[in-house]
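Asks: Input: one structure, supplied below.
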Amino acid sequence: MRHDMRSTTTAVLERNTVVREDFATEPYELPWAAEARFFVQALDLDGPLDFRTEISPDGLHWCPLDDVEHRIDAPGLITWAVSGFGQWLRVRCAVGPGTTGKLRIYLVGKG
Amino acid sequence: MNVNETALSKYNPLSRVLCFDRFDSTTHGWTELLGNYDGRGDLDTVDDHMRDFRPPQLSSCTFFDVGTHGTLSGNYALKLATRPYPGHTATGIRRLTMAGRGRVRIETHFAFKAEATVGHEAPASVPWDGNRHPSESQFGAFTVATDICSDGGLRYHNVIRYQNTNLDGEMTNRWMYPVVPEPTPRDHQEGKFALPYAADFTAPDPDDWRTFGEPLEMCVNEVPTKINWHYLRWDIDTSTRSNVELQLNDRVMDMRDVPVPPYPDRYGTLDNLLNFYFSVRTHCGVRNFLFLDSVLISVDW
């Protein structure tokens, strides 16, 4: 029997994580997903954070998916869609000088 | 009989199947474990050692050297992956309740590995080769455990752990069990524990673990990207709150003498709790992975 209802999953990649320097989230596999979406929620923030989607063929070696940066510079929630990825995803974050933030980062996959 | 109907044939369930989770569809209720927090949703109030157990993921078991490996019976496994941080633990927990008391059986086909290291060298206690690979000693331990509460708030955990290496990274290959109950957020509130990040949440003091059975060498298979599926069957009895038997591939171990320490105090709001979790813990700064092809939980009530 074929099940036509789409699959979806939400992973909380960072949970109230305090950041003061550049970092990347842990590798996350979404081999089954046709599309994905990052949500970054800044609970506290006193400067800019710039995010880029990174992809990997093996979970070990990474490259940017595109040239797009996603900036958040005040408490709140931003999101961006991801498509055309290999099965590993992560997000790299550049933290501005002297900036401190507290983040939740979600990755949603849909197949 | 078509191939889908043969899926059960790799298992040996008791009379009633509670769940048969094949990860070619979804994560089937296996989710990340998180400690408790306050009424405002303030996750800063989660205990440090229980706030970062990492979300399970569906994996096609793909590696840098051979590409996609796949699973025992399909494309996707449930994968638990630690951070590359000594002591870090990843979990997948399944939350049920009990409609009776008696024998409970959890079965799985699983594989375990340390993450491949490419282009640099990670600390390891075994040399290469002679059929050995340094990654063999970069895997810490995996645990299968329960969280059960019954009979007027009596809470206990049946726990088995396969310790591949000790905290010094030396090969041990032992089955273990804890002689104390797991520290809880309530214990923390009552001032009994305050554990740091990456503490062993099942039983933090290494001296509170005992071995059972003889050392058991698993099929590591030489490099970090060759995975082989192991069969595990574990029986407990919730009518006697005891362990019964553990089977790993062709080895069966009687566990009736392995104690299950209950909490001294009663717990409320947990009536008939029947939780299972798998966890994987790294003892060095290398990610450790536990792959589950599928999981079957059955009972005799």
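Asks: Tell me which residues, restricted to segment B:18-29, are in a strand (DSSP E or B) and of a type outside the set (A, V, I, L, M, F, W, C).
Replies: Initial filter on segment B:18-29 (in a strand (DSSP E or B)): B:18-22.
Selection gives B:Asp21, B:Arg22.
Asks: I'd like the residue in segment A:25-54 that is open to solvent by less than 50 Å² (accessible area, probe 1.4 Å) and among the charged types (D, E, K, R) and, out of all such residues, is farthest from the other protein chains (Cβ to nearest Cβ).
Replies: If we take residues in segment A:25-54 being open to solvent by less than 50 Å² (accessible area, probe 1.4 Å) and among the charged types (D, E, K, R), then A:Asp50 is farthest from the other protein chains (Cβ to nearest Cβ).
Asks: Hey, can you tell me all the residues within segment A:2-18 that are farther than 21 Å from B:Ala90 by Cβ and surrounded by 15 or more Cβ atoms within 10 Å (Cβ to Cβ)?
Replies: If the condition is that a residue be farther than 21 Å from B:Ala90 by Cβ and surrounded by 15 or more Cβ atoms within 10 Å (Cβ to Cβ), then A:Ser7 is the only one that fits.
Asks: Is at least one residue of segment A:82-95 free of Cβ contacts under 8 Å to residues at least 40 places away in the same chain, within 11 Å of chain B (Cβ to nearest Cβ), within 24 Å of B:Leu80 (Cα to Cα) and not in a strand (DSSP E or B)?
Replies: Looking only at segment A:82-95, we keep the residues that are free of Cβ contacts under 8 Å to residues at least 40 places away in the same chain, and these are A:84, A:86.
Among the residues that remain, those that are also within 11 Å of chain B (Cβ to nearest Cβ) are: A:86.
Subset that is within 24 Å of B:Leu80 (Cα to Cα): A:86.
Imposing the further condition that a residue be not in a strand (DSSP E or B) reduces the set to A:86.
Yes, segment A:82-95 contains a residue that is free of Cβ contacts under 8 Å to residues at least 40 places away in the same chain, within 11 Å of chain B (Cβ to nearest Cβ), within 24 Å of B:Leu80 (Cα to Cα) and not in a strand (DSSP E or B).
Asks: Restricting to strands (runs of 3 or more DSSP E) lying wholly in segment B:30-115: which have 3 or more residues that are more than 17 Å from B:Asp293 (Cβ to Cβ)? Can you show your working first?
Replies: Details: elements: B:57-59, B:77-81, B:89-97, B:103-114.
Where strands (runs of 3 or more DSSP E) fall fully within segment B:30-115 and carry at least 3 residues being more than 17 Å from B:Asp293 (Cβ to Cβ), they are B:89-97, B:103-114.
Asks: For segment B:137-171, which residues satisfy the criterion of being open to solvent by less than 20 Å² (accessible area, probe 1.4 Å), in contact with a helix residue (DSSP H, G or I) (Cβ under 7 Å, 6 or more places away or on another chain) and not in a strand (DSSP E or B)?
Replies: Once the filter is applied, which keeps residues that are open to solvent by less than 20 Å² (accessible area, probe 1.4 Å), in contact with a helix residue (DSSP H, G or I) (Cβ under 7 Å, 6 or more places away or on another chain) and not in a strand (DSSP E or B), segment B:137-171 yields only B:Gly169.
Asks: Of the numbered conditions (1) open to solvent by less than 30 Å² (accessible area, probe 1.4 Å); (2) farther than 22 Å from A:Ala33 by Cα; (3) not in a strand (DSSP E or B), A:Gly59 fails exactly one; give the number of that condition.
Replies: Going through (1) open to solvent by less than 30 Å² (accessible area, probe 1.4 Å); (2) farther than 22 Å from A:Ala33 by Cα; (3) not in a strand (DSSP E or B) one by one, A:Gly59 breaks only (2).
Asks: Moving to a separate point now. Of the residues B:Thr97, B:Thr45, B:Thr62, which is more than 8 Å from chain A (Cβ to nearest Cβ), more than 20 Å from the chain's Cα centre (by Cα) and surrounded by fewer than 23 Cβ atoms within 10 Å (Cβ to Cβ)? It would help to see each step written out before you state the result.
Replies: Working: B:Thr97 fails: more than 20 Å from the chain's Cα centre (by Cα); B:Thr62 fails: more than 8 Å from chain A (Cβ to nearest Cβ).
Answer to the selection: B:Thr45.
Asks: Is there a residue being within 12 Å of chain A (Cβ to nearest Cβ), within 15 Å of the chain's Cα centre (by Cα), crowded, with 23+ Cβ neighbours inside 10 Å and touching a residue at least 40 places away in the same chain (Cβ under 8 Å) anywhere in segment B:67-78?
Replies: Within segment B:67-78, the subset within 12 Å of chain A (Cβ to nearest Cβ) is B:67-71, B:74-78.
Checking which are within 15 Å of the chain's Cα centre (by Cα) leaves us with B:77-78.
Within this subset, residues satisfying the condition of being crowded, with 23+ Cβ neighbours inside 10 Å are B:77-78.
Checking the rest, the ones that are also touching a residue at least 40 places away in the same chain (Cβ under 8 Å) come to B:77-78.
So far as segment B:67-78 goes, yes, one or more of its residues are within 12 Å of chain A (Cβ to nearest Cβ), within 15 Å of the chain's Cα centre (by Cα), crowded, with 23+ Cβ neighbours inside 10 Å and touching a residue at least 40 places away in the same chain (Cβ under 8 Å).
Asks: Any chance you could count how many residues in segment B:265-292 are more than 30 Å from B:Glu121 (Cα to Cα) and either in contact (Cβ under 8 Å) with a residue 12 or more places away in the chain or of a type in the set (Asp, Glu) (or both)? Show your work before the answer.
Replies: The first filter runs over segment B:265-292 and keeps only residues more than 30 Å from B:Glu121 (Cα to Cα), leaving B:265-277.
Keeping just the survivors that are either in contact (Cβ under 8 Å) with a residue 12 or more places away in the chain or of a type in the set (Asp, Glu) (or both) gives B:265-268, B:270-277.
Counting residues in segment B:265-292 that are more than 30 Å from B:Glu121 (Cα to Cα) and either in contact (Cβ under 8 Å) with a residue 12 or more places away in the chain or of a type in the set (Asp, Glu) (or both) gives 12.
The values are calculated or read from the model by the stated rules, or taken from the named source; none is laboratory data. For clarity, every value in this text was computed on a predicted model and none was experimentally measured. Here the Cβ is made from the backbone with ideal geometry for all residues, glycine too, and neighbour counts use every protein chain on show. When the accessible area is computed, the model is the full protein with side chains, heavy atoms only, and any ligands, DNA or RNA have been set aside. Shrake-Rupley method; radii C 1.70, N 1.55, O 1.52, S 1.80 Å.
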